[in-house]
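Down below is the structure, laid out as structure tokens.
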There are 2 protein chains.
Amino acid sequence: MSLFAISGFSQTNSLNLMPWPQEVILGSSILEIKPDFTILVLTKSTKRIDVATTKFINRLGGRTGVFFENGFAVSNNELKNATVEISYKRAGELKINEDESYQLQVSSTKITINATTDIGVIYALETLLQLVDNNLNSYYFPEVEINDSPRFTWRGLMIDVARHFQPIDVLKRNLDAMAAVKMNVFHWHLTDDQGFRIESKTHPKLHQLGSDGLYYTQEQIKDIVQYASDRGIRVVPEVDVPGHATAILTAYPEIGSKDTIYSIERFSGIFDPTLDPTNEKTYKILGDLFGEMAALFPDTYFHIGGDENEGKHWDENQKIQEFKRKNNINSNHHLQTFMNIRLQEILAKHGKSVMGWEEIMTDNMPTSALIHSWKGSNQGDMLKSSLFKAAKNGYNTVLSNGYYIDLMQPVINHYLVDPIPKNNNLSELEKARILGGEATMWSELVTNLTIDSRIWPRTAAIAERFWSSGDIVDVLSMYKRLDVVSFRLEELGITHIRNRDVILRNITNNQNIEPLVTLTKVCEPLKNYSRNAGGTEYKTYSPFTLFADACTADASDAIIFKELVNDFSLTKNENIKAEIVSLLKKWASNYSQFSQLKKGSPILNNIEPLSKNLSEISTTLLSILNSKKPTKSEYENFNQQLLQIEKPIEDVELIIAKDLKKLVAILIDEKKGSDNFLEKVKKSN
Amino acid sequence: MSLFAISGFSQTNSLNLMPWPQEVILGSSILEIKPDFTILVLTKSTKRIDVATTKFINRLGGRTGVFFENGFAVSNNELKNATVEISYKRAGELKINEDESYQLQVSSTKITINATTDIGVIYALETLLQLVDNNLNSYYFPEVEINDSPRFTWRGLMIDVARHFQPIDVLKRNLDAMAAVKMNVFHWHLTDDQGFRIESKTHPKLHQLGSDGLYYTQEQIKDIVQYASDRGIRVVPEVDVPGHATAILTAYPEIGSKDTIYSIERFSGIFDPTLDPTNEKTYKILGDLFGEMAALFPDTYFHIGGDENEGKHWDENQKIQEFKRKNNINSNHHLQTFMNIRLQEILAKHGKSVMGWEEIMTDNMPTSALIHSWKGSNQGDMLKSSLFKAAKNGYNTVLSNGYYIDLMQPVINHYLVDPIPKNNNLSELEKARILGGEATMWSELVTNLTIDSRIWPRTAAIAERFWSSGDIVDVLSMYKRLDVVSFRLEELGITHIRNRDVILRNITNNQNIEPLVTLTKVCEPLKNYSRNAGGTEYKTYSPFTLFADACTADASDAIIFKELVNDFSLTKNENIKAEIVSLLKKWASNYSQFSQLKKGSPILNNIEPLSKNLSEISTTLLSILNSKKPTKSEYENFNQQLLQIEKPIEDVELIIAKDLKKLVAILIDEKKGSDNFLEKVKKSN
């Protein structure tokens, strides 16, 4: 056996593992994947192991095309010479700080998996699938020794199913994908102003009047909880109160703080309807509901929301004002705490601990509560202030600020956010209270057609942040591995790649989509909620089948272009220049191709300026590139055109503007333009 | 108002309706689709209407990009000037010969829908969506008057979920697609040798031991039945007995005809395991199961299978032989009838009528049974012999022979099969007994990744056969309309288009898929079960993520090439020749592009000859085309290469072989090749 250690993490290594394991020792031999591939489970199998091994064989066969003789693992010791031997000590429990570690050894003749729990086995199998490689004639596993365990115990993805309902199959495929990148908490945001998504048997008006018919039956909820459990994933339900409760009040206006007619909210934003914390019926309804849910959700934690309550209707309500005076409650925040404590008591009776957005952290809140930190500098708070404060005050806490994937930011913005950054003033005990983090998929602007492309692949990089050592921060390596992980997510049914073309066929009315594909590779949806300013442009039933919905964060050609321009600025290499020219030519010709489609589809009228602007500025740049001494008017043209492409159109931005400017600056230097005008152009860029 | 009637069916008309309505009168004005578009339901709404109108508005917004002010229909008479006004008399019942007719009127200011039942309203809305058209600046409905009703009352799609389990979301999206083309029977083939897919509470071993964990819970079954009902679709369940019962016998070997150990079948084909019709426990288990199912499936009909029982195990069983002698049963077919009659009696107690494959039609079978005709000339029977026989013998009957979409035949083969062809010897009464037909999707060779591309779009053309007048047989028009319907099915989540590229990304290991896309457009999966000869090549867990799975019937470039060659043979037009050359050039260059991918993916080694052969023969043809007098060796080359491309490779065939031959024959004529050799070449082709 010849093994050489990968010390920490080497940028040049060939493995496409994500999240990167704690320890990887790569050997030089291989184990070829052949039809006689078999899995032997030495310990008595669990359902988790059954599901994982069967799916493993299916995925391995699917991607290699090898026809396996055995479609299922065996637990029969009579099987001689199994390819994979699995041992583990016990079934894992779905709770924080459970042992999720595993050891994986691949030699040229045998694969061995050892783990404490069956959850560790699941992760070992996922790592093994990520190891599949090929030479000219066959697929193989490389010789390797991996010792792995997570850095954080809470590696979550929140999906908001209130703003846009997500069918069961969306959730299941995302649970599959979560397991594939070793995430273990599905936070299910089940209620909000725009919908109440739980079948309630005690108060059926909740789902009957609060959901437009789009809710999960209790059987479906059990099914999802079981499906998650089979993949080692905990499910934390959220009922968001006292704000974000319009859907609840549509069903039960009598527990609202204002005497008015409520109806399901169709817009996005922060709204006034608020539960009345002074009304006993509020606790009766929530108590019954929590009781039903406690029976459906085995997890210890129960998320009660608690965010963004401004208490406007409380201020307007005489009775509530009186209650505050009588009980010496001197702020709305304290009134909300009063309510939270009562909810906490109700949940405690069902054996549940409260989790809530950071607003629930007040003096009276018991430290058994888990604080969900979400505000950041954009909410006027210091980064991680509530996270650190919670840890210092004795609360367990989980970070979501920095992981808001609905903001459509580039993956790197999330990847480099560490829940416990290197320079911090936390004690070991305080650090231990930071359980991990959660990516949050708010669904104001997504439907089941597009949600996958908003979650993936970026969440895989966030998963690495939660699992891997804090030293794994090489961005180029992350991009390279993320590309592979992204494409492999299709195996699990994730639709983030395939659905782009569905939308483009829709927009073009089934004409040639190539010109639009080119555009999606340089356009990104507007970021940070600027797509839906004030929450009033899109209603829940507005179309999300538009060009912006086909675009994603991290537009691929824009990333390539950025790298090329950067390399060119450093090297002035002619081959790189040729690649830049090739991209510019593609963009320059876009408009003539685009124009051929226009007659076939009026939607394209709105997108036309994008194509036109891109073609025009690319043409100008090509002309500057090709001339020995570009004219003043060429540069002026460029500057004019730049102003155009910097304007958002149809909810997207041409993301290459900065790098076009950078390229021109380089060219001005290169063309030895020394007159005042050129210096001015350069400066203005 | 200026209307001109479309007399019967005009090939040149612009409407892309499918199935074609019984009467269409097209006007010249239009009704533009604007944000103030609204739907008013004048009659009290039903859930069916709620579902249909909400989905209608969502789909209309999605494809036009118009932001509607109202996302839901209203039943409030206060709404003035609604765009669409819907009236109907009553909720439709899910039974044969229910009134499904509708009238649809579009004027420049108003759309009116009238129907007897809410099912008719659903169909009117589907027709309305198919009418959406556009000019340069906006989307509109054309002025039109449509009177429509189905020719046949039974317009079915059977999906086999036994050979490969199909998740709930696959069924739901296919139910949506069925409704879109006005199909109304979902025949759910729930059990077979390879799986028992129903949760049984009376005999849970059935699903526990017979399904590999892949079955529908009773709640899921109720959900599907409700989902279908909301779309005007009946659900007919099938439990296939006494043959095709290995999965049942895996759970309850004691009711088998042979004392042996049964296990779930992994191959395809006809197998020996057969229920014992002389064992009372057989009727106890089936009776209990049928009782459970009768409560789940409201439909009158219950399909008991009954096909392909050869009775081998009956012949080998002494007890069964004795039983036959004692009861004067002188053939296995009569023994099966004995069983069928008992099952029929059990079902009758639950208010159900028996439906079964044509083998159940024996002398003793009551005429309340519905005969499912499936055998054809390929089973040694005359076409439709059992269909006509059933009708003449007083049975209602349904045709599936000719609609076996799993055979991967071109759409035209199905489209031109008429359950009641023009020349027949049936009385009016006998004709009335032919209720319609069913497309059958057997799932030996499909998974949830590929099943849509095997069902659609061909089933839309079959749906037209079942709904429209028998005079609607214009094949060119069908192809044109089918193209549009096919692309629109994506709106409903059908994955037949998008999943091709998923498979190609898998095969190429995420390299550039263009060379393979080109190949899929001229390759078709092997037809008529020759892909899986003897049923022993593929197991249920074999990979179905291969090149053949990315290919479909009716390969698009092959269809275009066929038409071009045909047109060229008639016209010798140079423009057509140029188009042929353009295709040949694309094919000629395929291999060099393909070769660049090879290193990245060993699966491609097997497909390589396809690309090589295509490129070589195309190169030869181009050379023949370009030379004034092609040489003998060029023609010899062609003939040699033709032999190569006629051989199936990796379960697909290059479907253009015939038309390449035809093209060469034309060229020989054109090049005035008069020597013996050329005549010989021409003849041999």
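The values are calculated or read from the model by the stated rules, or taken from the named source; none is laboratory data. Note that the coordinates shown come from a computational prediction; the quantities given were computed from them, not determined experimentally. Neighbour counts are summed over all protein chains in view; Cβ atoms, including those assigned to glycine, are modelled from backbone coordinates with ideal geometry. What goes into the accessible areas is simple: the full protein's heavy atoms, side chains included, and nothing from ligands, DNA or RNA. Shrake-Rupley method; radii C 1.70, N 1.55, O 1.52, S 1.80 Å.
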| said: I'm told B:G8 meets every condition in (1) at positive phi; (2) at pLDDT 95 or above except one. Can you identify the failing condition by its number? | reply: (2)
| message | With the requirement that a residue be in contact with a Leu (Cβ under 9 Å, 6 or more places away or on another chain) and within 14 Å of chain A (Cβ to nearest Cβ), what does region B:27-38 give you? | response | B:I33, B:F37, B:T38
| said: Given the criteria out of contact with any Lys or Arg (no Cβ under 6 Å at 6 or more places or on another chain) and either modelled with pLDDT of 95 or more or of a type in the set (K, R) (or both), does A:L3 qualify? | reply: no
| request: Give the number of residues within region A:489-503 that are facing another protein chain (nearest Cβ under 8 Å) and in a helix (DSSP H, G or I). | output: 6
| What do you reckon, is B:G493 in contact with a Phe, Trp or Tyr (Cβ under 8 Å, 6 or more places away or on another chain) and at positive phi? | no
| Which condition breaks for A:K389 when tested against (1) surrounded by fewer than 20 Cβ atoms within 10 Å (Cβ to Cβ); (2) within 23 Å of A:E308 (Cα to Cα); (3) touching a helix residue (DSSP H, G or I) at 6+ places or on another chain (Cβ under 6 Å)? | (3)
| note | B:G470 passes all but one of the listed conditions (1) more than 14 Å from chain A (Cβ to nearest Cβ); (2) among the small types (G, A, S); (3) under 29 Å from B:L614 (Cβ atoms); the exception is number (3)
| field | region A:616-654, residues that are open to solvent by less than 10 Å² (accessible area, probe 1.4 Å) and under 30 Å from B:Y140 (Cβ atoms) | value | A:V652
| request: Find the residue count for region B:306-332, including only residues that are open to solvent by 80 Å² or more (accessible area, probe 1.4 Å) and either touching a residue at least 24 places away in the same chain (Cβ under 8 Å) or closer than 15 Å to B:L343 by Cβ (or both). | output: 4
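When you scan region B:106-219 for strands (runs of 3 or more DSSP E) that lie fully inside it, which ones turn up with 2 or more residues that are open to solvent by less than 20 Å² (accessible area, probe 1.4 Å) and farther than 29 Å from B:V354 by Cβ?
Details: elements: B:111-117, B:139-148, B:154-160, B:185-189.
The strands (runs of 3 or more DSSP E) meeting that bar are B:111-117, B:139-148.
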| request: Among what's in region B:505-521 and is within 11 Å of another protein chain (Cβ to nearest Cβ) and part of a helix (DSSP H, G or I), pick the residue that is farthest from B:S589 (Cα to Cα). | output: B:N506
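Quick one: which of B:K480, B:K527 is within 14 Å of chain A (Cβ to nearest Cβ) and not in a strand (DSSP E or B)?
Numbers: B:K527 fails: within 14 Å of chain A (Cβ to nearest Cβ).
Going through B:K480, B:K527 in turn, just one is within 14 Å of chain A (Cβ to nearest Cβ) and not in a strand (DSSP E or B): B:K480.
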| Just a yes or no: is a residue in region A:157-172 within 14 Å of chain B (Cβ to nearest Cβ) and among the aromatic types (F, W, Y)? | yes
| request: May I ask you to list pairs of residues, at least six apart or on different chains, whose Cβ atoms are under 6 Å apart, with the first in region B:62-76 being more than 8 Å from chain A (Cβ to nearest Cβ) and the second being surrounded by fewer than 21 Cβ atoms within 10 Å (Cβ to Cβ) and small (G, A, S)? | output: B:S75/B:S45
| task | Output the number of residues of region B:137-179 satisfying the condition of being in contact (Cβ under 8 Å) with a residue 12 or more places away in the chain and farther than 30 Å from B:Q220 by Cβ. | result | 13
| Which one is farthest from the chain's Cα centre (by Cα) among residues in region A:295-305 that are open to solvent by less than 20 Å² (accessible area, probe 1.4 Å) and of a type outside the set (V, I, T)? | A:L296
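Could you count how many residues in region B:173-191 are closer than 23 Å to B:I119 by Cβ and either within 14 Å of chain A (Cβ to nearest Cβ) or touching a strand residue (DSSP E or B) at 6+ places or on another chain (Cβ under 6 Å) (or both)?
Residues of region B:173-191 closer than 23 Å to B:I119 by Cβ: B:173-188.
Now restrict to residues that are either within 14 Å of chain A (Cβ to nearest Cβ) or touching a strand residue (DSSP E or B) at 6+ places or on another chain (Cβ under 6 Å) (or both): B:173-176, B:178, B:183-188.
Within region B:173-191, residues that are closer than 23 Å to B:I119 by Cβ and either within 14 Å of chain A (Cβ to nearest Cβ) or touching a strand residue (DSSP E or B) at 6+ places or on another chain (Cβ under 6 Å) (or both) number 11.
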| task | Please name all residue pairs, on different chains or six or more residues apart, with Cβ atoms under 9 Å, provided the first residue is in region A:447-464 and is closer than 15 Å to A:Y404 by Cβ and the second residue is aromatic (F, W, Y) and surrounded by 24 or more Cβ atoms within 10 Å (Cβ to Cβ). | result | A:T459/A:Y403; A:I462/A:Y403
| message | Quick test of your reading of the structure: A:I645 fulfils all but one of (1) among the aliphatic types (A, V, I, L, M); (2) under 16 Å from A:V517 (Cβ atoms); (3) in contact with a strand residue (DSSP E or B) (Cβ under 7 Å, 6 or more places away or on another chain). Name the failing condition by number. | response | (2)
| task | Run down B:L489, B:L504, B:L482 and say which single residue is more than 28 Å from B:F186 (Cβ to Cβ) and of a type in the set (A, V, I, L, M). | result | B:L504
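From the list A:W456, A:W442, which one is open to solvent by 10 Å² or more (accessible area, probe 1.4 Å) and closer than 13 Å to A:L157 by Cα?
Details: A:W456 fails: open to solvent by 10 Å² or more (accessible area, probe 1.4 Å).
Residue meeting the stated conditions: A:W442.
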| Can you name every residue in region A:86-105 that is within 23 Å of A:S29 (Cβ to Cβ) and open to solvent by 50 Å² or more (accessible area, probe 1.4 Å)? | A:Q103, A:Q105
| Pairs with Cβ under 8 Å, 6+ apart, first in region A:352-381 and over 22 Å from A:K95 (Cα atoms), second open to solvent by 30 Å² or more (accessible area, probe 1.4 Å) and among the hydroxyl-bearing types (S, T, Y) | A:K375/A:S385
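Taking the condition modelled with pLDDT under 95, open to solvent by less than 70 Å² (accessible area, probe 1.4 Å) and in contact with a Ser or Thr (Cβ under 6 Å, 6 or more places away or on another chain), does B:T337 pass?
Details: modelled with pLDDT under 95: yes; open to solvent by less than 70 Å² (accessible area, probe 1.4 Å): yes; in contact with a Ser or Thr (Cβ under 6 Å, 6 or more places away or on another chain): yes.
So B:T337 passes the test.
Could you list all residues from region B:90-105 that are within 28 Å of the chain's Cα centre (by Cα) and in a loop (DSSP other than H, G, I, E, B)? Write out each step before concluding.
Of the residues in region B:90-105, the ones within 28 Å of the chain's Cα centre (by Cα) are B:92-104.
Result: B:G92, B:E93, B:L94, B:K95, B:I96, B:N97, B:E98, B:D99, B:E100, B:S101.
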| Within region B:527-542, is even one residue in contact with an Asp or Glu (Cβ under 6 Å, 6 or more places away or on another chain) and under 25 Å from B:F271 (Cα atoms)? | yes
| request: Answer yes or no: is there a residue in region B:596-610 that is in contact (Cβ under 8 Å) with a residue 40 or more places away in the chain, away from chain A (no Cβ under 14 Å) and surrounded by fewer than 21 Cβ atoms within 10 Å (Cβ to Cβ). | output: yes
